[in-house]
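Following: one structure in C-alpha cells, then a few remarks.
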Amino acid sequence: MLKISNLQVAYGGIEAVKGIDLEVPEGKIVTLIGANGAGKSTTLRAIVNLVKSKAGSITYNGEELLGLDTTKVVDKGITLVPEGRHVFPDLTVLENLKIGAYMRKDNLDADIKHIYSLFPRLEERSWQAAGTLSGGEQQMLAVGRAMMSRPKLLMMDEPSLGLAPLVVQGIFDIIETLNKEGMTILLIEQNANMALRVADYAYVLETGKITKAGTGRKLLADESIKEAYLGKSQRNK
Amino acid sequence: MSLLRTENVIMQFGGVVAVNDLNINIKKGELAALIGPNGAGKTTAFNVITGVYTPTSGKVLFTPTDKSGTATEIDITGKKPDKITALGVARTFQNIRLFKELSVLENVQVATHLNTDYSFLSAILRTPKARKGEAQAKADCEFLLERLGLIDLRNEKASSLPYGQQRHLEIARALATKPQLLLLDEPAAGMNPQETDELTDLIFKLKTDFDLTIFMIEHHMDLVMEISDHIYVLDFGCTIAKGTPDEVQNNPKVIEAYLGVDADVED
Amino acid sequence: MTMETFLQQLINGLSLGSLYALIAIGYTMVYGILRLINFAHGDIFMMAAYFTYFGIAVFFLPWYVTFIITIGLTILLGVTIERVAYRPLRDAPKTSLLISAIGVSFLLENVATYLFSGKPQAFPEFPLLTTPFFIGGLSIQPVSIVIPIVAFILMSALLFMINKTKLGMAMRAVAVDYDTAKLMGIKINGVISSTFAIGSALAAVGAILWCMKYPSVLPLMGVVPGLKCFIAAVIGGIGNVKGAVLGGLILGFSEVLMVAFFPALTGYRDAIAFVILIIILLFLPNGLLGKKQVEKV
Amino acid sequence: AGCSSGTTTTSSGDSDVIKIGVFEPLTGANAAGGELEVEGVELANKLRPEVLGKKVELVIADNKSDKAEATTAAARLIEKDKVVAILGSWGSSLSIAAGDVVKTNQIPSVALSATNPQVTAGNDYYFRVCFLDPFQGTVMANYASKKLNAKKVAIIQEVSNDYSVGLAKFFTDSFVKLTGDPNAIVATGNYNTGDQDFNGILTNIKAANPDAIFAPGNFTESALIIKQARALGITAPFIGGDTWETNEFITVGGADVEGAVMSTFFDDTNPLTEAGKTFVAEYKKAYPDRENIAAVTALGYDGYMMTLDAIERAGSADPVAIRDALAATKDFEGATGMITIDANGDATKNEAIIKTVKDGKFTYMDSVTID
Amino acid sequence: MNETQNSLGAYLKLHWKTAVFLVVLLIGIGLADIFVDSYMRRLLNLCAIYVIVSLAMNLVNGFTGQFSLGQAGFMAIGAYTVAIFTVPVESRAAIFYLEPMAPFLANIQLPFVVALILGGLASVVVAFFIGSPCLRLRGDYLAIATLGFSEIIRIVFTNTQSITNGALGIKSIPTISSLWWTYGTALLIIIATILLVYSSYGRAFKSIREDEIAAEAMGVGLFKTKMTSFLIGAFFTGIGGGLFAALLGTVDPKQFYFTLTYNFLLIIVLGGMGSISGTIIASFLVTLGQEALRFLDEPMAFGLDLPIFRPGLRMVVFSFLLMIIVLFYRKGLMGTNELTWDFMAQKFQSIKKKLSRKKTSTEGGGK
Ligand SMILES: Nc1ncnc2c1ncn2[C@@H]1O[C@H](COP(=O)(O)OP(=O)(O)OP(=O)(O)O)[C@@H](O)[C@H]1O
Ligand SMILES: Nc1ncnc2c1ncn2[C@@H]1O[C@H](COP(=O)(O)OP(=O)(O)OP(=O)(O)O)[C@@H](O)[C@H]1O
Ligand SMILES: [Mg+2]
Ligand SMILES: [Mg+2]
C-alpha cells in the first residue's frame, strides 16, 4: 500500500534519513524501531511532507506522494499521530476530536462515542481545554483525534511515550483492534518489546539507515535486537 | 533527617483537583520516586514544589544545609522558582525545555548565574572577581558536560541534539545550579530499554558523586524498582500508596490502579 | 455640568467608541490567528477611505456601488498584504513578522502620500446621515446611531462564524499549530486569507462610517485610530471579538468623558488610551474578556 | 522648465549660476503649505530668472515636516548644493530647527510665512517677509471685540503646534486687555495635530456659550472643528489665523465654514501694491484653474524678489554681503505690501488683511492697521 | 587553575584586538573629523547616535527577548534633560516667551557631560517606573505598553509648558559638531555591551529570551534580570537622546513621535536581532541610505516634466527596500553572528561593500 524507496532527508546539514527502503502492506501493522535520533519521526514527517525530502520516492497505492501538499496526502487517507501529542491546547477535547474529522462531511457522533468508550478519561474531560490535560491524556486525545478521520493508513509516532504501563497496554490493544477493523498501521516505538509483539513486520532504523527487517516475532527473537532494544529485564530471564 | 516535606498540599485548576492532600517526606540522601497513572498529578506536584504553581492550600518545607553545615527548615510555599532553585532545589522538565538557540555549554552556564557574586557593572568592567567567577563557572560546566558525555557537543545548538541527549543536557543543566535536591520528571521518557539502563546507572552515580537527594517521576518500572529507596504512588491526585519498591509492587491497590495485571516489568 | 451637556457627551462617546470597536475587531481577528499585531490595519483603513473618496468624489459612482467596490478592493488589499508580506515569514522569528507589518504600514502611508499628496481630501457629504436632528438641546447625527447598530450586528455575525462554523474552528486550530492543522487536512493558507479578508472588510466598513462622521481623508489618518483600536482590542482581551467591542466602547467613552469632566486635561486626551491600557493589563494581564492562559509545564 | 535642467546639474561652483535654496515641507503634515510657498517662489523665479547677469537656480529640498530632517536638509543645501541664500520654511519650528545651521554656516535665509518670533530671534541670518504672531493675535483680538463686539470668547488651540499655541496666547492677552475682563476667555479646548474628533471639547464650549470662538491651527483640524461645532448646534462665529487660507479648508469644511473669519497677509482681489498686481496677473496666467491665491504663495514670491533685490544691492553673490543687504532692506515693494527689515530681521508690517469665507471663496472683508 | 589561565589569555587576546581596532577606528574618526563638511559630519553624527540607541534596543529586544518599543520616549527624556540644563540661562527668557520657565529650573545650567549623564539617569528612573508594571507583561503587550509610555512621555512634554516649553520646543541648545562626542560615546557603549553580553549576565538575558519558565527554574530571577537589561537599555537610549538634542540644537515633542522608534526597530532587525556588529552596520546603512535616496525627491518641483520623481518617492522606495530586506534577509544581515574585531575594523571603512561580503562574517566577538 505504502512503498518508500531510497528516501533521504536532511535538516540543514544534519543527514537525518540516509536513503531507506520500506514497505507497508495493506491491512498489516508495520513497526519502525530505533534509538533516539535514528530518524524515525523524520521518516513519518517526510511521508506527510511536513519536512521536505531530499531524494527518493514515496508511493501510496502506486501514486507518488513526494512533494504533495500535506493536506492532499491526508486527503488520500493517511494520518499521523505526531510525536509529542500536539493537541490543540485552546480547543476543548471535544473540538479536538471534531477537528480530527475536518475533511469529513458525514455525522460524527458514532465515532466520538466509540472513542470515548476507548478512552473514558477523555469523556470526563470533554469540555476541558486540551492544553491543560496531562501528558498521557493528551496522548489519548491525539490518538483519538487521528482516528476521527477514519484513515486507511494510520501512522503513530511513539504513542506510548510518557504513558503508564496500563495505558500503554490499552493503546496497543486499540492498535490491534483498529487493525482488525481493517486499518493499516505504521507504528514507531521506543517500547520495542511491545511493538514487536503486535507488529506483522518490523524495520530497525539506526542513524538514518535500515539495519534489520523481518517479522515482529523474528526480530523479537534476534539476539542483537534484544541486546540493543529490549534491555535488561528481557535478558534476565 | 528530612530534606523535603509537604503538608497537606492541594492544587486545584478550576474544577480539577490535580493534587489532593499530598504529604511526602524525603530523607536527605535517599532516592524517592513518584509514580502513578497519567494525569495523577505527578508533574503538578513537582510544579508546586519548585514554585511554578502556588498550591491552593498546604505547605512545602525544605531543609537545606548551608556552607557551615547547619540545616534549617524553610517554608518555600509559593516562593518564586528562582528563589527555590537558589535554595538548592533543581529540576528537569517532562516536555524538554532547553534554551534551544543557545549552545550546549551556554545552556549549562546559564544555570550557574545564580551563583554569580559580582554585579553587572563589574561584569562589564571585567574586574578580577568577575573574571575569576566566569572562569570558575566555565570549568564547572565543562566538568558536568564531561560527566554526562556531552563535552564533544559543547558548541552545538541545543535544539539540534537528539531527544535522548537533550534529556541528558537537562540533567547537566539542573546539576549546574549546585542542588541538594534534584527533581527528575520522566528522565527516561522516549528512551529505549537499553538507554534506560544506561540512564539508571548514570542517575545512581550522579547521586553518590554529588551527594544528591533525588526525587523522580518515572513510568519505566524496571528503572524505578531498581534504584529507588522509597516510592509514592499517586492516583487522581491522591496518594494511594507509599513504601519500599517491594511493598508498593505488591500493593493490590497499586497493581489494580497502575501496574496492571501483566505489567511489562515482569514478563 | 448640565444634564444636557452630559447626555451630549455620552452620545459623542457612544459613536466614537463604536467606531473604535469596528476597527478593533479587525485587529483582534488577525491577532487571534497569526499572533501578529497587524500594524498595517490602520493603513488598510486609510486606503479604504481613499477608495470610497475616489469612487464617489472622483468617479461619481453611486454610493452603494462605491461601498461594494471599496469593500472588495480593501479585502483584496488585505489578502494581498498577507500573501506577500506575512506568508513568507510564517516560520521566521516573530519580530521580523512584526517589522514586516510595520514595513507594510510605512509603505502604504508613503505610497498614499506619494499618490494622493499630503493634502486632505474632502470626503463626500451624506446629508441624510450627517444633518443632525435636535432633541431638546441635544444634537444627534443619524450616523451616530447607525454606527453602534452596525458594530453590534457585525460583532454578532462574527461570533457566530468563529464559534459555530467549521471555518471558525479551523481558524482557532490554525491559530496554535500550523503543522498539526495541516495534518487535520486544514488548508491553512485558505483559513488565514479568509481571516484577513474579514478583518479588511471590517476596516472598510469602519472607514466608510468614520469618514461620514469625520469627513477628511489623509494618508496618515489611519495611524492614531489604528493604534488606539489595537489598544482597545488589547483592553478587551486580544483575540476576543466581544472584548474588542467592549474595549472600543470603553476607550471612546473614557476619552470623551475625560474631556467632559477635566477640560483642563484635554491636551492629555491621547494619553488616556495608554493609561487605561496599562492599568488594565496590570490587573488583568489578558484584558477584560481574554481567557487566562495557564502555561502547562 | 528652465529650472529642471538647473536642479539636475548640481554642479556647484560654476560661476554663471547663483543657487538659492528652497527649504520647504513637501511631504508630511505641512506638505500643503510647503507646496503653496514653492509655487510662489517658482513663479517669481520665472519672472526674474537672472541677477547680476547670472542665472538664478532654485534648489528645492524637502524637510519632510520633520526637524531632524530639516537640519540635514538645510546643511545639505549649504554644503552639497552651495546655495548662497535659503527661502523657507513653512512651519516656524522647521525654520527654527534650521536656524543654527544657517547661522553657523553664515547663509542668509528668508522665512516666508513663519510667524513665530523665535525664527529670527537671536539669529542674524534669519529674516522674514511676513508679520509675527503677536501682531496677528492682536489683530484678531481687535476684530473680535471691536467688530464682533464679543465679550466672551472660547479658544481651541492645537497644543502640539507652536503656531497655534502662540497665537492663542497673544490673542488671549490682548483680548483680555481690550475687554478689561480677566475672565473674558470662557472656555479653552486643546487638541493634538491629527485629531479628528472634537465633539468632547465642543460640547463643553457649547455649554459655556461664547460670543465667538478663536481656533488657530491646521486647516484640516480647524475645518473639522467647525463642521462638528455646527453639527452640535453651536452658532457662534469662528475666527482664526492665516493657516486657514487653503482650498482644503473650504473643501473639507464645506458649507459649515461659511462665515469663518481669518487674518492673513495678502488679498488677491485688491492687492496693496503694483508688485501685488503683477504677481496676481502672472499667477492667474500660470495657474488659470485656481480660484484664489494663497497668501503664503504671495509671500513666497516676495521672499524671492526681496532676496534678489538684496543680491543686486550687495553687488555680489557672497552670502555675508547678501545678509547685510537683506538687513538693510528698506521700503521694498512686495506683493504683500511695503517691507522694511527691522533690527530683529523681521518685516515691519502694520497692516493685516481680514478675510472671510463667502460662497465657498475667501473674500476680502477688511484690512486692519495697528500701531 | 589552568582554565583560569586560558580565559585570562583569551581576555588579553581580546584586549589586543581591541587595541588594534581602536587605533584604526580612532584614526578614521580623527581624519573624518578634520576633513568632512558639516553636512557629512551631521550625517556621521546621526549614524553614531543611531548606533547607540539601536544597540540599547537590541540589548532589550534582541538579547533579552523583551519586545520593548519605548525608545522614542527614553530619547525624549535624555534630549530634554540636556536641553533644559544646557541652554544658556540668559537666552531662556527669550525661548520661554509664552510661559516663563519654572523658577526652580530657570537658573540651573550644567556642563554638557553632566547634563548628558543626568539625561541617561533620568531615563533610567523613568524606565524603572515603566518597567515595574510592564515587564510583568508578556510579548506584544509589553510592546504596546512601552509604546504607550513613550507616547505618554511625549504628550506630557507637550503639555508641561513651564518646563519643556511645550510645542514650541527648546532652541539654541549649545551644539556639538565634533565627531568625537558621538563616536567616543558610541565606542564606549559598544564595548560595554559586548562585555556585558558575553558575561554571565548576558547569558541570563538570552536564557529569558529562549524560555522564561526554564530560566526561572535554573535560578535566573525573571523580573530582576529583565529590569537590569531594561534599565541599561534606557540609560544608553537616554544618552543617545541627549546627544541627539545637542546635535540638532533644538528639541520639540514632535520629534519623539512613536514612529521614531520604528527606525531603530528596522535597524536591529536589518542588522540581526542579537547581533551587535549587525546593529552597528545597519545603523549606518539605514541612516546613510535614507539620505542617499534623497535624489528621488528632487526634480519634484518640475513635476510636469518628470511626473514619477516627486517628493515622497524616496520614502516609497525606502519602505519598499525595507520590505525586500525583511522578506529576503529574515535573519537580518548578521543573524545572531558577530564580526570578529579586526574584521569589524575593515567593515567600518567599507560599509558600502558589506552586503556582498556579509557571507564571510565569522564567529564570536568575545565569546
Ligand atoms: N527540526 C530539526 N532541526 C535539526 N535537526 C533535527 C530536527 N529534527 C530532528 N533533527 C535531527 O534529525 C535526527 C533524527 O531525528 P528524529 O526526531 O527523526 O529521530 P527519532 O528517531 O524520531 O528520535 P526519537 O526517538 O527521539 O523521536 C536527529 O539527529 C535530530 O537531532
Ligand atoms: N495548568 C493546568 N490547568 C488546568 N489543569 C491542569 C493544569 N496542569 C495540570 N492540570 C491537570 O492536572 C492533572 C494532573 O496533571 P499532571 O501533568 O500533573 O499529570 P501527570 O501525573 O504528570 O501525568 P503524566 O504522567 O501524563 O505527565 C491532569 O488532569 C491535568 O489535566
Ligand atoms: Mg521521534
Ligand atoms: Mg507529567
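Key figures
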| quantity | calculated |
| --- | --- |
| Test result for A:Pro165, surrounded by 20 or more Cβ atoms within 10 Å (Cβ to Cβ), within 16 Å of ligand 3 (Cβ to nearest atom) and either touching a residue at least 12 places away in the same chain (Cβ under 8 Å) or closer than 22 Å to B:Asn95 by Cβ (or both) | no |
| Residue match in region B:76-85 (condition: touching a residue at least 40 places away in the same chain (Cβ under 8 Å) and either surrounded by fewer than 17 Cβ atoms within 10 Å (Cβ to Cβ) or more than 16 Å from ligand 1 (Cβ to nearest atom) (or both)) | yes |
| Condition check for A:Arg217: of a type outside the set (A, V, I, L, M, F, W, C), over 19 Å from the mean Cα position of the chain (by Cα), part of a helix (DSSP H, G or I) and modelled with pLDDT of 85 or more | yes |
| Region D:266-281, subset touching a strand residue (DSSP E or B) at 6+ places or on another chain (Cβ under 7 Å) and part of a loop (DSSP other than H, G, I, E, B), residue farthest from D:Ser164 (Cα to Cα) | D:Thr273 |
| Unique match (being within 16 Å of ligand 2 (Cβ to nearest atom), surrounded by 22 or more Cβ atoms within 10 Å (Cβ to Cβ), within 29 Å of A:Glu176 (Cβ to Cβ) and of a type outside the set (S, T, N, Q)) among A:Arg45, A:Arg85 | A:Arg85 |
| Residues of region B:140-199 that turn out to be of a type in the set (A, V, I, L, M, F, W, C), more than 14 Å from chain A (Cβ to nearest Cβ) and out of contact with any strand residue (DSSP E or B) (no Cβ under 6 Å at 6 or more places or on another chain), as a count | 10 |
| Near pairs, Cβ below 8 angstrom, 6+ apart or cross-chain, from region B:224-248 (within 14 Å of chain A (Cβ to nearest Cβ)) to any residue that is within 12 Å of ligand 2 (Cβ to nearest atom) and acidic (Asp, Glu) | B:Val224/B:Glu218 |
| Residue match in region D:131-152 (condition: within 13 Å of the chain's Cα centre (by Cα) and at pLDDT 90 or above) | no |
| Test for C:Glu82: is it of a type in the set (D, E, K, R), touching a residue at least 24 places away in the same chain (Cβ under 8 Å) and closer than 26 Å to D:Ala223 by Cβ | no |
| Output for region C:176-195, where each listed residue is touching a Leu at 6+ places or on another chain (Cβ under 8 Å) and more than 7 Å from chain A (Cβ to nearest Cβ) | C:Val191, C:Ile192, C:Ser194, C:Thr195 |
| Residue within region C:103-119 that is touching a residue at least 40 places away in the same chain (Cβ under 8 Å), part of a helix (DSSP H, G or I) and of a type in the set (Gly, Ala, Ser) present | yes |
| Entirely in region B:173-267, the strands (runs of 3 or more DSSP E) that have 1 or more residues that are of a type in the set (Gly, Ala, Ser), surrounded by 18 or more Cβ atoms within 10 Å (Cβ to Cβ) and modelled with pLDDT of 85 or more | B:238-243 |
| Members of region D:100-120 that are part of a loop (DSSP other than H, G, I, E, B) and over 17 Å from the mean Cα position of the chain (by Cα) | D:Gln106, D:Ile107, D:Pro108 |
| Subset of region A:132-166 that is within 16 Å of ligand 1 (Cβ to nearest atom) and within 8 Å of chain B (Cβ to nearest Cβ) - its residue that is modelled with the lowest pLDDT | A:Gly162 |
| Listing of strands (runs of 3 or more DSSP E) fully contained in region A:6-98 that carry 3 or more residues being away from ligand 1 (no atom under 12 Å from the Cβ) and at the interface with another protein chain (Cβ under 8 Å from one of its Cβ atoms) | none |
| Those helices (runs of 4 or more DSSP H) lying entirely in region C:129-191 with at least 2 residues touching a residue at least 60 places away in the same chain (Cβ under 8 Å) and surrounded by fewer than 18 Cβ atoms within 10 Å (Cβ to Cβ) | C:142-164 |
| Residues of region E:99-136 satisfying the condition of being over 30 Å from E:Thr175 (Cα atoms), crowded, with 21+ Cβ neighbours inside 10 Å and of a type outside the set (Gly, Ala, Ser) | E:Ile130, E:Cys134, E:Leu135 |
| Residue ID - farthest from D:Ala32 (Cα to Cα), chosen from residues in region D:282-331 that are among the basic types (Lys, Arg) and in a helix (DSSP H, G or I) | D:Arg313 |
| Residue match in region D:153-167 (condition: more than 13 Å from chain C (Cβ to nearest Cβ) and surrounded by fewer than 21 Cβ atoms within 10 Å (Cβ to Cβ)) | no |
| Options D:Ala298, D:Ala317: the member that is closer than 23 Å to D:Glu50 by Cβ, in contact (Cβ under 8 Å) with a residue 40 or more places away in the chain and either crowded, with 24+ Cβ neighbours inside 10 Å or of a type in the set (Phe, Trp, Tyr) (or both) | D:Ala298 |
| Selection within region A:64-90 - under 16 Å from the mean Cα position of the chain (by Cα) and within 16 Å of ligand 4 (Cβ to nearest atom) | A:Gly84, A:Arg85, A:Val87 |
| Out of B:Phe93, B:Phe13, sole residue that is within 14 Å of chain A (Cβ to nearest Cβ) and within 16 Å of ligand 1 (Cβ to nearest atom) | B:Phe93 |
| Residue match in region B:27-36 (condition: in the same structural domain as B:Ile217 (by the TED database), of a type in the set (Val, Ile, Thr), within 16 Å of ligand 2 (Cβ to nearest atom) and within 19 Å of B:Thr239 (Cα to Cα)) | yes |
| Yes/no for A:Tyr102 being more than 14 Å from chain B (Cβ to nearest Cβ), of a type in the set (Ser, Thr, Tyr) and closer than 30 Å to C:Met171 by Cα | yes |
| Qualifying residue in region B:200-217 (condition: facing chain A (nearest Cβ under 9 Å), more than 16 Å from ligand 2 (Cβ to nearest atom) and hydroxyl-bearing (Ser, Thr, Tyr)) | yes |
| Test for C:Leu246: is it surrounded by fewer than 21 Cβ atoms within 10 Å (Cβ to Cβ), more than 13 Å from chain E (Cβ to nearest Cβ), part of a helix (DSSP H, G or I) and not basic (Lys, Arg) | no |
| E:Thr146, sole failed condition from (1) surrounded by 24 or more Cβ atoms within 10 Å (Cβ to Cβ); (2) under 30 Å from D:Thr104 (Cβ atoms) | (2) |
| Qualifying positions in region A:1-60 - closer than 18 Å to A:Leu196 by Cβ, modelled with pLDDT of 90 or more and either away from ligand 3 (no atom under 12 Å from the Cβ) or in contact with an Asp or Glu (Cβ under 6 Å, 6 or more places away or on another chain) (or both) | A:Leu22, A:Glu23, A:Val24, A:Pro25, A:Lys28, A:Ile29, A:Val30, A:Thr31 |
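The values are calculated or read from the model by the stated rules, or taken from the named source; none is laboratory data. Since the model is a prediction, treat every value here as computed from it, not as a measurement. Cβ atoms come from the backbone with ideal geometry, glycine included; neighbour counts cover every protein chain shown.
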